Structures are given as C-alpha cells and as structure tokens.
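Participant: Please see the structure below; I have some questions.
The values are calculated or read from the model by the stated rules, or taken from the named source; none is laboratory data. This one's a predicted model, so the numbers in the text were calculated from it and none came from an experiment. Here Cβ is always computed from backbone atoms with ideal geometry, including for glycine, and neighbour counts include all displayed protein chains.
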Amino acid sequence: MNANVKNSQFAQPLFEFSGACSGCGETPYVKLVSQLFGDREMVANATGCSSIYSASIPSTPYTKNAKGQGPAFDNSLFEDFCEFGMGMVLGNKKMKERVTMLLREATADEKCPAEFKELAEEWIEKQNDAEETKRLAALLKPFIKGGAEAGCPFCAELQTLEHYLVKRSQWIIGGDGASYDIGYGGLDHVIASGEDVNLLVLDTEVYSNTGGQSSKATPLGAIAQFAAQGKRIRKKDLGMIATAYGYVYVAQVAMGADNAQCLKAIREAEAYPGPSLVIAYAPCINHGLKIKGGMGRSQAEEGRAVECGYWHLWRYNPQLAEQGKNPFTLDSKAPQWEKFRDFLLGEVRYLSVQKAYPNEADELFAEAERMAKLRYQSYVRKAAEDWSVE
Ligand SMILES: Cc1ncc(C[n+]2csc(CCOP(=O)(O)OP(=O)(O)O)c2C)c(N)n1
Ligand code: SF4
Ligand SMILES: [Mg+2]
C-alpha cells in the first residue's frame, strides 16, 4: 500500500497539526514516518524543536487511528536521547521474550486447541515480521481470551501483554545538535549495538530551538551564533562515519529534492533488521530563505540544495554487501556546480557574510564550494567501489 510516494500519501498521518513554524523542514519527515509506521511506532525524542512541537502539552500533534492505534512518544534529555530509545528497544525485546515463553507454556497443555498451538508457533517464528505479527495478533487474541476464561494462568498473563504481539517500529528522533554534537557519544553507542533501531536526524545545520547556534553540522561559510564571521571548518560527515561499522543502514535524504528516494530510504531503514540512521535535510527559519514565498517554499529549497551540490542523496545498505554488491548508492544526479553560489546567496545565513565581510566573503564561499565538492567526490569514489571480489 505505501510502496510509492502517491500511495504513501493516502495513508492517515498520525502526526497532524504541529506548532512548528509554518514551512518547517523537519515536520514533513516526522509526518511521513507516522504515515508509514504510526500504528506501531515508538518514538524516543531528543530535546530540540522536534520535542517541542511534538509535545506541546496539553496538546500533541501525535494522534491515533480509528482502531485506537498510534505512536507512543516520550522525550528525553538532549545528551542521552539515543540511550533512552535503546532502553525502549531492550524493554520491548525482554517483553517479547516473556510473550514467547508464555505462549509456549499456554500451548503445552494437552487440552489446548491445535489451532492455538499452530498460531503460537507461527508467531514465535515470525515475531519480527511486522505485517505477519499484525495478522497473527488478531488471530491469537480470541484463543488467549478463551484460555484465560478457562482458567489458564499463562493466558491470563498473556492478556495483559497483548500489546506486545505486534512488532513495534522503534524511532529515535533528534536534531543535528543532538546527533552530531551533544548526543553523539550515545548515538555511536546505539548504532554500534547492532539492535533493530531507527534513528532520524533532522538536520537544520544549527541548534534551531535555541536560536541558531553553530553545530558540527553547520557548513563552512555559514553565519550562526558562535560563528559570527561564518564558520571556518567544514561540516562533519556523520553518515560516512556511521557507514564505517559496515552493519549500519545509513541514508541521506531531502524530501523536496527527491521524495521517492526519501520514501525508499525510510522504508529500507525501517525494514533493515539492525541499526539504521537517516539524515534528513531540513530548511529552517534560521536559514533566512530569500526564495519568493520564503519558508512556504522550503521543499523547493531542498531541491535547489541538491541540484547545486550543497546536499547529496545516498543510501548505504549493508544487505547489498552480503550479496557481493556495493552497499553504497549515490542517488543524486551530478551537481550543477554553477548554481552553488546562487544557492548560498539565496539564504541570509550566507548572504549576511557578504554584507558584513565583503573582502572575505568571496574566498569563504569558494572554500564552501570546494568543501561540498570534496564531499561529493568522496561519494563518487565510494559508489565506484568493486565489492564483487572475495
Ligand atoms: C545538554 C543540553 N544542552 C543544551 C540544551 C538546550 N537546548 C535545548 S534544544 C537545543 C537546540 C537543539 O538543536 P538541534 O538538536 O539541532 O535540534 P533543532 O532544535 O535544530 O531541531 C538546545 C541547545 C539542553 N536542553 N541540554
Ligand atoms: S525554528 Fe526551524 S526547525 Fe524549529 S520549528 Fe521553526 S523552522 Fe522548524
Ligand atoms: Mg538543528
């Protein structure tokens, strides 16, 4: 149903009307994840804009479907959001072990219906297949209820744990400040763990919620707080660092540049039975979009960023390596570098460098372009690797 972009947009969003700035580049990604996996989604959210617009208590944009299913959300500290999500993963894993044990105990009795036994065995085998667990949970529940009513203590306990029958989709959501900087130690620890967890990094290239401080995701040349003359060192390549593990699914996306690639990456990340990291480009009011329509055209700005080589789209899927194929796919087309400078001058965070430091701006922008080219070339080399040899 959600295999292509058009169909995915018929799915009910379980993230609705948020209090984010209009045109915010972050919220469409959060909404998309809720459309794809919302009925079984768990969110561990870092502090940042996403935690504020997602939990503007007493109201929240997270909602539930007609069956009463929807994302479960909680927010943790800035510096340990990944460990917080990991705790959810481990807690859920433990509870599924308990469900497995109880199903075995409940169906060991001779009086247990043969169909219940078969379904229990099937669930134990397929408990990590989301669609199958949805089907099996619906079939198992009447048997569990019947067993509990007949006095089976294992079924009685299973009834209290029924909400663990459907495979959960664990997401850890944070901004660039949380992911590249302050929560990075935890992020590294969690992706290294090998656990089945999905991380979504909403990359605004600054600490947006506190007014736009420079982070390790801020590119060279951009003005931000603590980088008032334009940042002088290049943006950290968080995605490439994560690929070094070899068993982490990694993708860089920009919905407004290629929504099919974005959808594919998010679906692949969720389906990958290990850690996944999706880094999503997100225009923000702190960028000062000069494009006509401003933040109302933030999706178009994402397109411009990719077209000129400022941002690149790629996916690293470890499962391809297992098949002797190159796990790295460069999805964005060769950049039109001649548009790079215009892109920079279309955002106040760069344009203001030119106004404040006219003598240095030219050199800084040239260096920003050189850094983007260096980064792009590293992807081109990676995409050309031969993985067929043993
Ligand atoms: C350890 C710690 N330092 C600083 C803060 C203050 N703080 C809250 S949100 C935020 C900015 C978050 O930036 P980012 O992770 O990029 O998310 P964004 O707001 O850009 O979506 C900061 C600095 C905090 N909550 N905890
Ligand atoms: S400050 Fe930026 S990231 Fe935060 S809600 Fe506004 S546009 Fe979105
Ligand atoms: Mg940010």
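Participant: Those residues that are surrounded by fewer than 18 Cβ atoms within 10 Å (Cβ to Cβ) and among the hydrophobic types (A, V, I, L, M, F, W, C), I need them from region 131-172; list them, please.
Facilitator: Correct list: Ala138, Leu139, Ala150, Ala156, Leu161.
Participant: Kindly indicate which of Ala257, Ala271, Ala300 is touching a residue at least 24 places away in the same chain (Cβ under 8 Å), aliphatic (A, V, I, L, M) and surrounded by fewer than 20 Cβ atoms within 10 Å (Cβ to Cβ). Break it down stepwise before answering.
Facilitator: Details: Ala257 fails: surrounded by fewer than 20 Cβ atoms within 10 Å (Cβ to Cβ); Ala271 fails: touching a residue at least 24 places away in the same chain (Cβ under 8 Å).
Ala300 is the lone residue from the list that is touching a residue at least 24 places away in the same chain (Cβ under 8 Å), aliphatic (A, V, I, L, M) and surrounded by fewer than 20 Cβ atoms within 10 Å (Cβ to Cβ).
Participant: Does any residue in region 183-201 that is among the charged types (D, E, K, R) come within less than 6 Å, Cβ to Cβ, of a residue that is assigned to a helix (DSSP H, G or I) six or more places away or on a different chain, and which pairs are these?
Facilitator: Listed by first residue and then by second, the contacts come to Glu195/Val89.
Participant: Among the residues of region 176-187, are any at pLDDT 95 or above, under 24 Å from the mean Cα position of the chain (by Cα), more than 25 Å from Tyr247 (Cα to Cα) and not in a loop (DSSP other than H, G, I, E, B)?
Facilitator: Within region 176-187, the first condition is being at pLDDT 95 or above, and the residues that meet it are 176-187.
Checking which are under 24 Å from the mean Cα position of the chain (by Cα) leaves us with 176-187.
Restricting the remaining residues to those that are more than 25 Å from Tyr247 (Cα to Cα) gives none.
There is no residue in region 176-187 that is at pLDDT 95 or above, under 24 Å from the mean Cα position of the chain (by Cα), more than 25 Å from Tyr247 (Cα to Cα) and not in a loop (DSSP other than H, G, I, E, B).
Participant: Do you know which of the residues in region 274-285 that are assigned to a loop (DSSP other than H, G, I, E, B) and surrounded by 24 or more Cβ atoms within 10 Å (Cβ to Cβ) is nearest to ligand 2 (Cβ to nearest atom)?
Facilitator: Applying the filter and picking the extreme gives Cys284.
Participant: How many residues, within region 35-93, are closer than 15 Å to Val197 by Cα, part of a helix (DSSP H, G or I) and either within 15 Å of ligand 1 (Cβ to nearest atom) or touching a Cys at 6+ places or on another chain (Cβ under 6 Å) (or both)?
Facilitator: Selection size over region 35-93: 5.
Participant: Could you list, in sequence order, all residues of region 312-342 that are over 16 Å from Tyr272 (Cα atoms), out of contact with any Ser or Thr (no Cβ under 8 Å at 6 or more places or on another chain) and part of a loop (DSSP other than H, G, I, E, B)?
Facilitator: Across region 312-342, the qualifying residues are Asn326, Asp331, Ser332, Lys333, Ala334, Pro335, Gln336.
Participant: Check off (1) at pLDDT 95 or above; (2) under 29 Å from Gly186 (Cβ atoms); (3) not basic (Lys, Arg) for Ser56 and give me the number that stays unchecked.
Facilitator: For Ser56, the exception is condition (1).
Participant: Okay, moving on. Taking only region 132-167 into account, find how many residues are outside any helix (DSSP H, G or I), closer than 24 Å to Lys93 by Cβ and out of contact with any Phe, Trp or Tyr (no Cβ under 9 Å at 6 or more places or on another chain).
Facilitator: Of the residues in region 132-167, 3 are outside any helix (DSSP H, G or I), closer than 24 Å to Lys93 by Cβ and out of contact with any Phe, Trp or Tyr (no Cβ under 9 Å at 6 or more places or on another chain).
Participant: Return the residue satisfying two criteria in turn: it lies in region 2-30 and is of a type in the set (S, T, N, Q) and assigned to a loop (DSSP other than H, G, I, E, B), and of such residues it is nearest to ligand 1 (Cβ to nearest atom).
Facilitator: Ser18
Participant: For region 17-35, state whether one or more residues are among the polar types (S, T, N, Q), within 16 Å of ligand 2 (Cβ to nearest atom) and touching a residue at least 40 places away in the same chain (Cβ under 8 Å). Lay out the reasoning, then the answer.
Facilitator: Narrowing region 17-35 to residues among the polar types (S, T, N, Q): 18, 22, 27, 34-35.
Then keep just the ones that are within 16 Å of ligand 2 (Cβ to nearest atom); that gives 18, 22, 27.
Then drop every residue that is not touching a residue at least 40 places away in the same chain (Cβ under 8 Å), which leaves 18, 22.
Taking every residue of region 17-35 in turn, at least one turns out to be among the polar types (S, T, N, Q), within 16 Å of ligand 2 (Cβ to nearest atom) and touching a residue at least 40 places away in the same chain (Cβ under 8 Å).
Participant: Out of everything in region 216-237 that is in contact with a strand residue (DSSP E or B) (Cβ under 6 Å, 6 or more places away or on another chain) and under 24 Å from Thr27 (Cα atoms), what residue ends up being modelled with the lowest pLDDT? Even if it seems obvious, please write down each step before you answer.
Facilitator: Taking region 216-237 as the starting set, the residues that turn out to be in contact with a strand residue (DSSP E or B) (Cβ under 6 Å, 6 or more places away or on another chain) are 217-218, 224-227, 231.
With under 24 Å from Thr27 (Cα atoms) added as a condition, the list becomes 217-218, 224-225.
Values: Ala217: 98, Thr218: 97, Ala224: 87, Gln225: 90.
Going through the qualifying residues, I end up with Ala224.
Participant: Can you tell me which residue among Lys236, Lys231 is within 16 Å of ligand 1 (Cβ to nearest atom), free of Cβ contacts under 8 Å to residues at least 60 places away in the same chain, surrounded by fewer than 24 Cβ atoms within 10 Å (Cβ to Cβ) and assigned to a loop (DSSP other than H, G, I, E, B)? Give the derivation first.
Facilitator: Values: Lys231 fails: surrounded by fewer than 24 Cβ atoms within 10 Å (Cβ to Cβ).
Checking each option against the conditions leaves just Lys236.
Participant: While we're on this one: Please work out which one of (1) within 14 Å of ligand 3 (Cβ to nearest atom); (2) touching a Lys or Arg at 6+ places or on another chain (Cβ under 6 Å) is the condition Leu202 fails and give its number.
Facilitator: (2)
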